[in-house]
Structure formats: C-alpha cells, structure tokens
Amino acid sequence: MKSITVELADRSYPIVFCPGLVTGTDGSEQTVLAAAMGDSIFIVSNETVAGLYLAPLKKLLGDRKVDVYIMPDGEAYKTLDQIDAIIGKLLAAGHTRETTLIALGGGVVGDVTGFAAAVYQRGVAVIQVPTTLLSQVDSSVGGKTAVNHPLGKNMIGAFHQPKMVVMDVETLKTLSPREFSAGLAEIVKHAALADWAYFQWLQAHQDSIMSRDSACLMTMIEWSCRIKAEIVASDETEQGRRALLNLGHTFGHAIETLSGYGLVLHGEAVAMGLMMAADYSVRSKTLFESAPAQLARLLTAFSLPTVLPKGLIKADFLQAMGRDKKATAEGLRLVILRDLGRADLTSQIDEAALEQTLAFFLNNP
Ligand SMILES: NC(=O)c1ccc[n+]([C@@H]2O[C@H](COP(=O)([O-])OP(=O)(O)OC[C@H]3O[C@@H](n4cnc5c(N)ncnc54)[C@H](O)[C@@H]3O)[C@@H](O)[C@H]2O)c1
C-alpha cells in the first residue's frame, strides 16, 4: 500500500492509497482504517455519495458503533445549520471525545465534517475519505476546515488536521466530467507553482488522465499530494509559504463571486485565474512570454475554460479581488509565476501590468 506522511510533529498523519477499498472492489487493505479509529464512529456524507459508497464503507467497519448523518448535496449546505445538526445527532447518540468522525464525500462534506470534528467537545478525531478529484488533491489534505457565512465563503472555520486521509481512486469513476475537470485545475496549479517535471508529465499523459486510467490517476494524485503535504508541513497555518497554494485564486475568487457561486465551479474559476496570474506575470516581466500559451493548452486539454465569462466589470472585479480574504489589509497580495514550476508571493503590485491583464481578460470578445 502506498502512503505519504504529512509531517506535522505530533499531528503528523498518513495519506493512504487504497484503490477499491471504499468502492468495495478490494477490501484487502481494511486494516489501515482500523488502525486509525476506536470503537465508535460517526460518518458524515451527502445524499449523492451515500447512495454510492456508504454501504461498502460501513461493511468495512465491522461491529463498531456506527452512526450516520446524511447532508443534502451542495455548497449551499456548507453552513452552521449543518454543524448544529451534526452535533445534535452526536450528542443524542451519546458520542464521546473518543469518537472518530469520517467524512465521506467531496470538499463540502470534508469541510463541514472537519469543522464539526474541530469543535465537538473541543475536538475529536476525523478521517477524511475524499471522493472528488478536488478533495483528493486539495481539500482533504492540510487541515483547513470551514463553513460559509451569508457575508463570505469559508468565514467560519478552524485548522484541524485529520488523523488519516484514505484515497480510493476508484471513487472518481462515478464523478461527472465537469467535476473531474474542476479537480484538474488544482492539479495544474500544483505543477505550475512547484514542479516543471510534473507539468511535463501532465502534458504527456493528458489522454490517459482524461480517460481516467486508474494507475495514471494514482500517480497524479500522489504527486499532487506530495507537493501539498510538503508545503503544508513547512507552513501549517499559512503564515507565509502556504499562500503559494493560492496561485490563481485571487483572480479566481473574483470570477466566482461576480459570476454567482454555483454557475462557475471553483476549479473552473481557478483555471481562468491561473491564466490571469500567468498573463500578469508575463506583463510584470517575471515569466517568459510563451508560458501562458503552454498553460492554456494544458487547461484546454483538461476541458477547462481559459477565457472569462462575458459581462464582468473592471471596478467590480478589482473590488472582488481586494475583498478576497487572501489579500492583506494594506493591499493586494498576488502569487506570481517566475517559471512554469516556480511561484512567488508579492505585495509589490505592478499597477500598469495589472491594468493590462484586466483589460485583456475583461474585454475579451
Ligand atoms: N479545506 C480546504 O483546504 C479546501 C480546499 C479547496 C476547496 N475546499 C472546498 O471544497 C468544496 C468543493 O469541493 P468539491 O469540488 O469536492 O465539491 P463537492 O463536495 O460539492 O462535490 C461536487 C459534487 O460531486 C458529488 N460527488 C462527490 N463525490 C462523488 C463521486 N465519487 N461520484 C459522483 N459524485 C460525487 C457531490 O455530491 C457534489 O454534487 C468547496 O466548498 C471549497 O470551499 C476546501
């Protein structure tokens, strides 16, 4: 069994790769789950994922006390109301501090369950079982948990590292093409910010990736998780370097906000945001000129958008960028590219270059 450790001293944890474990086609690695939990389990999933994978997961848990909470599906339910409902059910069923929560689902279920685990009786263990590509390479690793507030996304949250992350690549076979592509945007981001060899590997394997070849997906997810785990280990609570993972996100956040959440998926906004970050980097002379075209080719091969929806207004866009919680109080902070495979964080904004990037993307016919 393949495994990566997220090195965080006494909060270190493994990301284990067990294809077929959760989908019920290969239970040979079920002892890995047993090692990470006690006798009392509380699973949180949503109505879509539970219909697919709850039964095989429960089968793995044997005689343990298992309670289940099924959320409605969607970002709209990433709320304090869901936390309240989960905690009510935990209390009513007599769950103690020894209970382990299991998040079975995508990033929404992972974020909600992680936050519930962070606050239930001042913190209980959580195991992440991510079932979307985005959650496998991004949200399940790193310990950021949150729910949304009507005035802002992810505004109520905590850092709470999981005890284990269980990757079953086979769960990705049932994911819609659009959600699969959305996850690929974060993967292209990892390659662009940290590893040129990974970028080249993605270029060379784009067809096998799009046909969801299991071995290829395993290699890719492991590669991305290694990049994310290394960055998280170096800066767990985002005091500095972890902000590199926000490459494309300041622009992307503005696109998501102005297009209306739900119309553009997060990963799609990140893809467009990556293009804008690359364009800005060329205009501010930190990146070579042909890089955006290479980036666009890879994103397009992954069925991701590289141009913005029509009708976005510059003043609104700038405001939405400035409001991003990843921007500092003094002004904007941007992650720029210095190469394909190398990024940097800067608060010294080249205003003229930013104007040109906005004009180029917002006036795109
Ligand atoms: N905590 C973090 O560090 C972090 C990082 C990035 C994103 N996020 C959060 O993650 C969320 C987005 O996550 P997401 O993209 O996984 O979205 P999601 O959780 O909404 O899942 C997308 C859709 O796929 C369905 N689904 C999940 N697994 C499936 C499967 N195996 N087969 C078929 N359908 C399946 C879900 O029910 C949902 O309809 C956002 O709320 C975002 O803020 C958190």
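The values are calculated or read from the model by the stated rules, or taken from the named source; none is laboratory data. From a predicted model like this one, the values you see are computed outputs, not experimental measurements. Virtual Cβ from ideal backbone geometry, glycine too; neighbours counted across all protein chains shown. Just the protein is used for accessible areas: all its heavy atoms, side chains included, with ligands, DNA and RNA removed. Shrake-Rupley method; radii C 1.70, N 1.55, O 1.52, S 1.80 Å.
With the convex hull drawn around the C-alpha atoms of the range 2-174, the volume per residue stands at 105 Å³.
Distances longer than 37 Å among the Cα atoms of the chain: what percent of all pairs is that? Please list the in-between numbers first.
Details: 11480 of 66430 pairs.
Tail fraction, whole percent: 17.
Comparing mean-square fluctuations of SER224, SER303, SER135 from a GNM of the chain with C-alpha springs under 10 Å, the top value falls on SER303. The accessible area of MET37, taken with all protein chains in place and a 1.4 Å probe, comes to roughly 20 Å².
Counting protein heavy atoms only, the range 12-156 has 53 percent of its accessible area on carbon and sulfur, 1.4 angstrom probe. Per residue, the solvent-accessible area of the chain (1.4 Å probe, heavy atoms of protein chains only, all protein chains present) comes to 41 Å². Taking a temperature of 37 °C and a viscosity of 0.692 mPa s, what whole-number D in µm²/s does Stokes-Einstein yield for the range 1-95 with Rh from Kirkwood over alpha carbon pairs? My calculation gives 216 µm²/s for D.
With a cut-off of 14 Å between beta carbons, the residues surrounding THR25 carry a summed charge of -2, where Lys and Arg count +1 and Asp and Glu -1. Rounded to the nearest whole angstrom, the semi-axes of the ellipsoid equivalent to the range 180-362, taken from the Cα gyration tensor as √(5λ), stand at 25, 19, 16, largest first.
A straight Cα-to-Cα reach below 29 Å connects LYS58 with the lysines LYS2, LYS78, LYS89, LYS144, LYS163, LYS173, residues fewer than 8 places away in its own chain not being considered. Computed over the alpha-carbon pairs of the range 131-278, the distance histogram in 10 Å steps reads 11, 40, 39, 10, 0 percent, short to long.
Restriction of the GluC sites (Glu not before Pro) in the range 223-298 to DSSP coil positions whose beta-carbon has at most 13 other beta-carbons within 10 angstrom yields GLU289.
Given all pairs of different Cα atoms, what value in angstroms does the Kirkwood hydrodynamic radius of the range 103-197 take?
13.9 Å
Using the Karplus relation 6.51 cos²θ - 1.76 cosθ + 1.60 with θ = phi - 60°, the per-residue 3J(HN,Hα) values for the range 52-62 come to 8, 10, 5, 4, x, 5, 4, 4, 6, 8, x Hz, with x marking Gly and Pro.
Ignoring any ligand, DNA or RNA, what whole percent of the accessible area of the range 180-362 comes from carbon and sulfur when the probe is 1.4 angstrom? So the carbon and sulfur contribution to the accessible surface is 51 percent.
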